[in-house]
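Taking it in order: structure first as structure tokens, then the write-up.
The values are calculated or read from the model by the stated rules, or taken from the named source; none is laboratory data. Nothing here was measured: the structure is a model prediction, and the numbers come from that model. All Cβ positions, even for glycine, are placed from backbone atoms using ideal geometry, and neighbour counts span all protein chains on display. Remember, those area values only see protein heavy atoms, side chains included, never the ligands or the DNA or RNA. Shrake-Rupley method; radii C 1.70, N 1.55, O 1.52, S 1.80 Å.
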Amino acid sequence: MRTREFQGTPVGRVGLGLMGMSWAYSASERDDARSVELIREAVDLGVTFLDTAQVYGGGHNEELAGRALRGIRDQVVLATKTGLVMDDAATLAMHRDGTPDHVRRSLDESLRRLGTDVVDLYYLHRVDPAVPLADTWGALAELVAQGKVRHLGLSEVTRAQADEAHAVHPVAAIQSELSLWTRDAQGAEGGSAGGFGGVANDGDGPGDVVGWCAEHGAAFVPFSPLGRGFLTGTVTAEGLEEGDLRARQPRFQEEAVRRNQALVDVVRRVAERRGTTPARVAIAWTLAQGDHVIPIPGTKKSAYLHDNAGAADLDLTPEDLRELDDLPTAAGTRY
């Protein structure tokens, strides 16, 4: 697989988000043994930028990653997150905790579950409005000084929050949702930062966070580059299982799905013209937003893993990009 650099380390241009293996999507399809095999298969393909979090399955996802990476830990850049705490796994209810004591304690718990001495990239999963960001970020910087973390990242933040953290310690990456139906991380309307974990969205939006990363030498890491599967044309509102996070999201309600089908039709048209798949087109569009962009599509299936990884070798033409860039804002808010 072609590579990009993360803080001087080559990684596959397309990474892998592990969340769905433990949490939020299609519970009936989860299988720990198959997930372990899939993670190892991904590394063999050159998918070496892996993403998990403490809150995914209440630690289960980190344990899964730890099992899969035994003997190959040094072949990947491994990211996990702190700052969100699970209250009720059945309802996906959670709260934010950015206190220094929590981020210190949760890192030790994550290291144990991951079976490693150091995390390559440690994100603050969401900013806690009850705790000054400088206090949280200062505690995270201490973990770098202790050698337990190599780099720090932020998730779903505004440019102002990125500036505030960066003044304390370098921000190596920002992870936010970015896809052909979610562009607010580029300063577009249609969503805003932070709408998860029991705290409402920030009404003013994040600004051009993708640009901020380019300006400051940080990676921008898009999660859900496939629009939570919708942009592939394989996910429908009717097909979502009870308990699937998407079933509660506005964009997967009947009227929004009907309107958002127009986006899928354009992605499919571009894919047919290029002799490729909608998934590869959607992921390649995120790659085209800058050499510092490393998308992390998630999957539990080998066929989808190979399809997603193939986006690393797809370079969209100016005609492709014009057609995709002209797509309208998705109907429905994210959360």
Test residue 328 against the criterion of being within 22 Å of residue 1 (Cα to Cα), in contact (Cβ under 8 Å) with a residue 12 or more places away in the chain and either in a loop (DSSP other than H, G, I, E, B) or touching a Lys or Arg at 6+ places or on another chain (Cβ under 6 Å) (or both), and give yes or no. no
Within the stretch 90-120, residues modelled with pLDDT under 95 and not β-branched (Val, Ile, Thr) come out as 90, 92, 93, 94
Inter-residue pairs, beta-carbon under 8 Å, first touching a residue at least 60 places away in the same chain (Cβ under 8 Å) and in the stretch 259-285, second among the acidic types (Asp, Glu), 6+ apart: 266/323
With respect to residue 154, determine if the residue is modelled with pLDDT of 95 or more, in a strand (DSSP E or B) and crowded, with 22+ Cβ neighbours inside 10 Å. yes
Would you pick out the residues in the stretch 157-186 that are under 18 Å from residue 121 (Cβ atoms), outside any loop (DSSP other than H, G, I, E, B) and open to solvent by 10 Å² or more (accessible area, probe 1.4 Å)? 161, 166
What's the number of the condition residue 246 fails, among (1) within 30 Å of residue 77 (Cβ to Cβ); (2) open to solvent by 50 Å² or more (accessible area, probe 1.4 Å); (3) not in a loop (DSSP other than H, G, I, E, B)? (2)
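Rundown of residues vs (1) open to solvent by 30 Å² or more (accessible area, probe 1.4 Å); (2) outside any helix (DSSP H, G or I), yes/no style:
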{"position": "94", "(1), (2)": "no, yes"}
{"position": "98", "(1), (2)": "no, yes"}
{"position": "101", "(1), (2)": "yes, no"}
{"position": "104", "(1), (2)": "yes, no"}
{"position": "107", "(1), (2)": "no, no"}
{"position": "110", "(1), (2)": "no, no"}
{"position": "117", "(1), (2)": "yes, yes"}
{"position": "122", "(1), (2)": "no, yes"}
I'd like to know if the stretch 253-275 contains one or more residues that are open to solvent by 10 Å² or more (accessible area, probe 1.4 Å), at pLDDT below 90 and not in a helix (DSSP H, G or I). yes
Using beta carbons and a limit of 6 Å, which pairs, at least six apart or on different chains, have the first residue in the stretch 166-184 and in contact (Cβ under 8 Å) with a residue 24 or more places away in the chain and the second one part of a loop (DSSP other than H, G, I, E, B) and charged (D, E, K, R)? 176/156
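Being open to solvent by 40 Å² or more (accessible area, probe 1.4 Å) and either at pLDDT below 95 or in contact with a Phe, Trp or Tyr (Cβ under 7 Å, 6 or more places away or on another chain) (or both) is the filter here, so list the residues in the stretch 17-59 that pass it. Spell out how you get there, then give the answer.
Step one: list which residues in the stretch 17-59 are open to solvent by 40 Å² or more (accessible area, probe 1.4 Å), which gives 27-34, 37, 40-41, 44-45, 58.
Answer for the stretch 17-59, where residues must be open to solvent by 40 Å² or more (accessible area, probe 1.4 Å) and either at pLDDT below 95 or in contact with a Phe, Trp or Tyr (Cβ under 7 Å, 6 or more places away or on another chain) (or both): 27, 28, 29, 30, 31, 58.
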Can you go through 276, 299 and tell me which one is within 22 Å of the chain's Cα centre (by Cα), hydroxyl-bearing (Ser, Thr, Tyr) and closer than 30 Å to residue 218 by Cβ? 299
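Mind listing whichever residues of the stretch 207-237 are in a loop (DSSP other than H, G, I, E, B), farther than 22 Å from residue 263 by Cβ and open to solvent by less than 20 Å² (accessible area, probe 1.4 Å)?
218
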Give the stretch 122-162 a look and list any residue that's closer than 16 Å to residue 54 by Cα and aliphatic (A, V, I, L, M), or say none. 124, 127, 140, 149, 152, 154
